[in-house]
Amino acid sequence: MKALRRSSTSSGPTSSPPPEAASSPPTTSSAWVHLRSLLVVASSSSSSSSSSYPSVSSPLAERGGLKSPWSRRKRKRVLSTKQWFRLFSASGRLRDGGAKLLKRVRSGGVDPAIRSEVWPFLLGVYNLNSSESERNTTKAKNRKEYEKLRRQCRLLANQRNSRNSLTAVDELDFTGMIEVPPSPISQEVNPSLYFHIEDMKQLDIIEEEEDKTDTESSDSESSDEEDSDNVPLHSVAAEEEPKFTRTASVRDDFSSSSRTTEDFSTWQRIIRLDALRTSPEWVLHSLKQAEVSEEEASQAAFAVGLKDYDHLDACMVYHAARLVAILEAYAVYDAEIGYCQGMSDLLSPIVAIMEDDSVAFWCFVGFMRKARHNFRLDEAGIRRQLKIVSRIIQCKDSHFYKHLEKLQAEDCFFVYRMVVVLFRRELTFEQTVCLWEVMWADQAAVRTGIGLSAWARIRLRAPPTDDLLLYAIAACVLQKRKLIIEKYSSMDEILRECNGIAGQLDVWRLLDDAHDLVVNLHDKI
């Protein structure tokens, strides 16, 4: 291993400039190529000396002419608070449509102090070209919509409870053991149903008033936007993002079928179990929420009907209650997907960073815009992603791929968990959010079309991709290629290895290798 690295870093073609460079006058292009080659040598030599994983052979030792934006010399250059404020103009808009923001996040992630401000931009909650007033309007509308979803959740829960009460009464009457007059029964049981009907009427009135308000505000905003600064073409793409299919009103939810209520009941039960089992890793990264009082925690738990939490600290109860509220709202928002185990793993870091439930919900919606395909019942999204990981490995290392074929593991099912929860189980909290921030910046660049122009002129950057996570997963597997070839003889053994690497990964090295794969294989894949 060491011999391989020495030979790759000291070879003549890599460390020496072209012969004609010494005799011909130095041009800007040749000087740039020479400087780039020197940087490649410096990076690879520092890699061999400072790597904390000497026993793992990297399949990406020879990096060619391009260099990763996550090289070691830039890994500590996170987007700082000072840099963040400099990115905005006097009107509160991001300069150059957010291109510089995404470039900086791709290079080193985001300072923890400003994550709650930056993430809504990365996840599409705010348009990258929006002004401060436009963002305030969006925030207010989003809060109203979230509160409406929470009311729907409460109505669904109440309807389920009333049905359970009716079923219990019917069973008692059927046995004949207790004689109950028919009219008092209906009067005792049905007040909750009358409550539902009144709530539905009231909610319809609220929705009509909100629609009128939104229409009036949108009319006034349209006149203001005509006088605003010119908007870059790529900002149009952000406004045309696909929306999930959802019911138009609460009455539609109730009248469609009883299946909606039954599904919500199932989702709610699983959500509460998962919320109480959340890892406490986030506590160290959210000190304000970690110091929440027992009274606040109890109030939050009571508001969502959370029980059986006596064994948890106040901060964990508070965190679990927020998870329940947001996940229930999302299950109603995206009824096609509803709730599946694993979603709480994706939401937990967002809730830890975002103190406002409404903002956390819409950030989660932005995150799930792509991740929702991991939770489809037909698993079509999972199969597609596993196929891409397999294709990346095949194109990068045919010898390793043939070994996987012998083990009948070429479908890469052993990375199933990495795909579903996006490395959440394999990385620490801080590593996870670093990886996600870079991934979100890539997706934002693709979504808004920035990658077609800004990165095309930067020679030392790979094009942004929607599938950076899959390249990172393939890189993780390739880092284990020597171990898999020499020691493992079945897919089950590889699966155990992949499920047991928690805490062993270097996220920046992983991104470095993933970026190298993007540079060399993106067009092929």
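The values are calculated or read from the model by the stated rules, or taken from the named source; none is laboratory data. All values reported here derive from a predicted model rather than from experimental measurement. In this analysis, Cβ positions are derived from the backbone assuming ideal geometry, glycine residues included, and neighbour counts consider all displayed protein chains. Just the protein is used for accessible areas: all its heavy atoms, side chains included, with ligands, DNA and RNA removed. Shrake-Rupley method; radii C 1.70, N 1.55, O 1.52, S 1.80 Å.
Looking at (1) within 26 Å of PHE121 (Cβ to Cβ); (2) of a type in the set (A, V, I, L, M); (3) at pLDDT 95 or above, which is the one condition that is false for ILE337?
Single failed check for ILE337: (3).
Across the range 375-388, which residue is nearest to VAL332 (Cα to Cα) among those that are in a helix (DSSP H, G or I) and of a type outside the set (D, E, K, R)? Give the steps one after another, and end with the answer.
Keep residues of the range 375-388 that are in a helix (DSSP H, G or I), which gives 375, 380-388.
With the extra rule that they be of a type outside the set (D, E, K, R), the set shrinks to 375, 380-382, 385-386, 388.
Details: PHE375: 15, ALA380: 22, GLY381: 21, ILE382: 23, GLN385: 26, LEU386: 29, ILE388: 31 Å.
Among those residues, the one meeting the criterion is PHE375.
Would you call ILE337 within 18 Å of THR432 (Cα to Cα), among the β-branched types (Val, Ile, Thr) and surrounded by 17 or more Cβ atoms within 10 Å (Cβ to Cβ)?
Numbers: within 18 Å of THR432 (Cα to Cα): no; among the β-branched types (Val, Ile, Thr): yes; surrounded by 17 or more Cβ atoms within 10 Å (Cβ to Cβ): yes.
So ILE337 fails the test.
Whether any residue in the range 456-470 is part of a helix (DSSP H, G or I) and over 21 Å from LYS396 (Cα atoms) is what I want to check.
Initial filter on the range 456-470 (part of a helix (DSSP H, G or I)): 456-457, 468-470.
Retained after the next criterion (residues that are over 21 Å from LYS396 (Cα atoms)): 456-457.
So far as the range 456-470 goes, yes, one or more of its residues are part of a helix (DSSP H, G or I) and over 21 Å from LYS396 (Cα atoms).
For the range 491-525, give me each residue that is polar (S, T, N, Q) and either under 18 Å from ARG391 (Cα atoms) or in contact with a Ser or Thr (Cβ under 9 Å, 6 or more places away or on another chain) (or both).
To start, the set of residues in the range 491-525 that are polar (S, T, N, Q) comprises 499, 504, 520.
Once the filter is applied, which keeps residues that are polar (S, T, N, Q) and either under 18 Å from ARG391 (Cα atoms) or in contact with a Ser or Thr (Cβ under 9 Å, 6 or more places away or on another chain) (or both), the range 491-525 yields only ASN520.
Are there any pairs, at least 6 apart or on different chains, whose C-beta atoms fall under 6 Å, with the first in the range 466-477 and within 20 Å of ALA444 (Cα to Cα) and the second of a type in the set (Gly, Ala, Ser) and part of a helix (DSSP H, G or I), and if so, which?
Pairs that qualify, where the first residue is within 20 Å of ALA444 (Cα to Cα) and the partner is of a type in the set (Gly, Ala, Ser) and part of a helix (DSSP H, G or I), are TYR471/ALA514; ALA472/ALA514.
Tally up the residues in the range 293-322 that are over 26 Å from the mean Cα position of the chain (by Cα) and assigned to a loop (DSSP other than H, G, I, E, B), please.
So the answer is 9.
Within the range 492-511, can you find the residues that are open to solvent by 40 Å² or more (accessible area, probe 1.4 Å) and not in a loop (DSSP other than H, G, I, E, B)?
Hits for the range 492-511 are ASP492, GLU493, LEU495, ARG496, ASN499.
Considering only the range 139-155, how many residues are under 23 Å from PHE121 (Cα atoms) and basic (Lys, Arg)? Please lay out each step first, then the result.
Step one: filter the range 139-155 for residues under 23 Å from PHE121 (Cα atoms), giving 139-147, 149.
When the remaining residues are screened for being basic (Lys, Arg), the result is 139, 141, 143-144.
Count: 4.
If you go through the range 370-401 one residue at a time, how many are of a type in the set (Lys, Arg), touching a helix residue (DSSP H, G or I) at 6+ places or on another chain (Cβ under 9 Å), open to solvent by 30 Å² or more (accessible area, probe 1.4 Å) and more than 12 Å from VAL477 (Cβ to Cβ)? Working first, answer last.
Going through the range 370-401, the residues of a type in the set (Lys, Arg) turn out to be 370, 372, 376, 383-384, 387, 391, 396.
Within this subset, residues satisfying the condition of being touching a helix residue (DSSP H, G or I) at 6+ places or on another chain (Cβ under 9 Å) are 370, 372, 376, 384, 391, 396.
Within this subset, residues satisfying the condition of being open to solvent by 30 Å² or more (accessible area, probe 1.4 Å) are 370, 376, 384, 391, 396.
Pick out the ones that are also more than 12 Å from VAL477 (Cβ to Cβ) and you get 370, 376, 384, 391.
Total satisfying the criteria: 4.
Could you tell me whether SER298 is out of contact with any Leu (no Cβ under 7 Å at 6 or more places or on another chain), modelled with pLDDT of 90 or more and open to solvent by 50 Å² or more (accessible area, probe 1.4 Å)? Please lay out each step first, then the result.
Values: out of contact with any Leu (no Cβ under 7 Å at 6 or more places or on another chain): yes; modelled with pLDDT of 90 or more: yes; open to solvent by 50 Å² or more (accessible area, probe 1.4 Å): yes.
Yes.
Can you tell me which residue is most open to solvent (accessible area, probe 1.4 Å) among those in the range 76-96 that are more than 29 Å from LEU284 (Cα to Cα) and in a helix (DSSP H, G or I)?
Once the filter is applied, the top-ranked residue is ARG95.
Sort through ALA462, ALA454, ALA514 and tell me the only one that's surrounded by 17 or more Cβ atoms within 10 Å (Cβ to Cβ) and at pLDDT 90 or above.
ALA514
Considering only residues of the range 122-146 that are open to solvent by less than 30 Å² (accessible area, probe 1.4 Å) and aliphatic (A, V, I, L, M), which is nearest to the chain's Cα centre (by Cα)?
LEU123
Mind counting the residues in the range 340-360 that are out of contact with any Ser or Thr (no Cβ under 9 Å at 6 or more places or on another chain) and either open to solvent by 10 Å² or more (accessible area, probe 1.4 Å) or part of a loop (DSSP other than H, G, I, E, B) (or both)?
Residues flagged as out of contact with any Ser or Thr (no Cβ under 9 Å at 6 or more places or on another chain) and either open to solvent by 10 Å² or more (accessible area, probe 1.4 Å) or part of a loop (DSSP other than H, G, I, E, B) (or both) within the range 340-360 amount to 4.
Of all residues in the range 411-435, how many are open to solvent by 60 Å² or more (accessible area, probe 1.4 Å) and not in a helix (DSSP H, G or I)? Talk me through it step by step, then tell me what you get.
As a first pass, look at the range 411-435 and keep what is open to solvent by 60 Å² or more (accessible area, probe 1.4 Å): 411, 413, 416-417, 425.
Remaining after also requiring not in a helix (DSSP H, G or I): 411, 425.
Residues in the range 411-435 being open to solvent by 60 Å² or more (accessible area, probe 1.4 Å) and not in a helix (DSSP H, G or I): 2 in total.
Can you tell me which of ASP274, ASP263 is open to solvent by less than 80 Å² (accessible area, probe 1.4 Å) and either among the small types (Gly, Ala, Ser) or modelled with pLDDT under 90 (or both)? I'd like the intermediate steps shown before the answer.
On the way: ASP274 fails: either among the small types (Gly, Ala, Ser) or modelled with pLDDT under 90 (or both).
That would be ASP263, the only listed residue that is open to solvent by less than 80 Å² (accessible area, probe 1.4 Å) and either among the small types (Gly, Ala, Ser) or modelled with pLDDT under 90 (or both).
Regarding the range 362-374, can at least one residue be identified that is β-branched (Val, Ile, Thr), at negative phi and assigned to a helix (DSSP H, G or I)? Reasoning before the result, please.
From the range 362-374, those β-branched (Val, Ile, Thr) are 365; that's our starting set.
From the residues that got through so far, the ones that are at negative phi too are 365.
Checking which are assigned to a helix (DSSP H, G or I) leaves us with 365.
There is at least one residue in the range 362-374 that is β-branched (Val, Ile, Thr), at negative phi and assigned to a helix (DSSP H, G or I).
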